[in-house]
Amino acid sequence: MADSSDLHSLAVLGAAGERLVIWHVNVGAAVGESRLSGAWVLDGSRTVEVESLTAGYPVVETGEGPRIAGVAGIVDVEATVETVRSAVESADAQFAEHQEATGGKLTRPQWPVIVPPGEVALPRHQTGDPIRPVLTLAREFADLADAWASFESLRLARPFLVELGGPHARPLPLAVR
């Protein structure tokens with residue numbers, strides 16, 4: 001089981017009419033349970049409850065919504081994906097250098113495919129549901145966190161790649177502004 005310091009979450013937030021939809025997503029260590037760790041649909045006027053569910057969390061917004069006090073910043077989805085892709089590319093380049101230096105006998109890892117959250121289009125029959133885009137984005141961040149965890153596992157299994165990020169698995173590197 002992961003130590004509580006290994007748990008890193010973000011909040012995906014979206015408006016559904018007069019309601020706010022909030023999903024918490026664990027982007028840290030996989031703990032053997034769903035990365036989607038909580039979901040709430042609240043009347044937008046319940047600011048105390050909304051702030052208590054978002055305070056201290058980096059927030060991913062699905063569209064225009066109210067500004068919430070106390071959040072740990074807004075996640076820049078594109079910059080986050082670029083950071084992840086850059087880390088994978090750096091590891092692959094380091095792997096290629098090591099392979100060349102050792103005579104080419106190593107098998108290249110099957111690096112995970114990085115799919116940016118927000119690129120999956122909803123089926124037409126689901127586009128009228130105001131809660132679905134928030135759930136979809138939360139699931140896509142969970143998938144990105146799983147891809148990152150897979151990358152970290154591959155990186156840590158190769159001693160010559162440990163220097164790229166340290167000796168422990170890292171949480172998904174969020175670009176927060």
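How far is helix 132-156 tilted, in degrees, relative to the longest principal axis of the Cα atoms in the chain, given as a value from 0 to 90 rounded to the nearest 10?
Compared with the principal axis, the helix lies near 20 degrees.
Just the number, please: percent antiparallel of the DSSP beta bridges in the chain, rounded to the nearest 5.
So the antiparallel bridges in the chain amount to around 80 percent.
Nearest 10 degrees, 0 to 90: what angle lies between the long axis of helix 77-101 and the longest principal axis of the chain (Cα atoms)?
10 degrees
What GluC sites (Glu not before Pro) in the stretch 46-92 are in a loop by DSSP, with at most 12 other Cβ atoms within 10 Å of the Cβ?
Sparse-neighbourhood loop GluC sites (Glu not before Pro): 64.
Write out the trypsin sites (Lys or Arg not before Pro) in the stretch 1-106 meeting two conditions: DSSP loop, and at most 13 other Cβ atoms within 10 Å of their Cβ. List each step's numbers first, then the result.
Numbers: sites: 19, 35, 46, 67, 85, 105; in loops: 35, 46, 67, 105.
Of the trypsin sites (Lys or Arg not before Pro), the ones in loops of the stretch 1-106 whose Cβ has at most 13 other Cβ atoms within 10 Å are 67, 105.
Rule-based calculations on the coordinates, nothing more; no lab input. Values in this document were obtained by computation on a predicted structure and should not be read as measured data. Note that each Cβ is placed from the backbone with ideal geometry, even for glycine, and that neighbours are counted across all protein chains shown.
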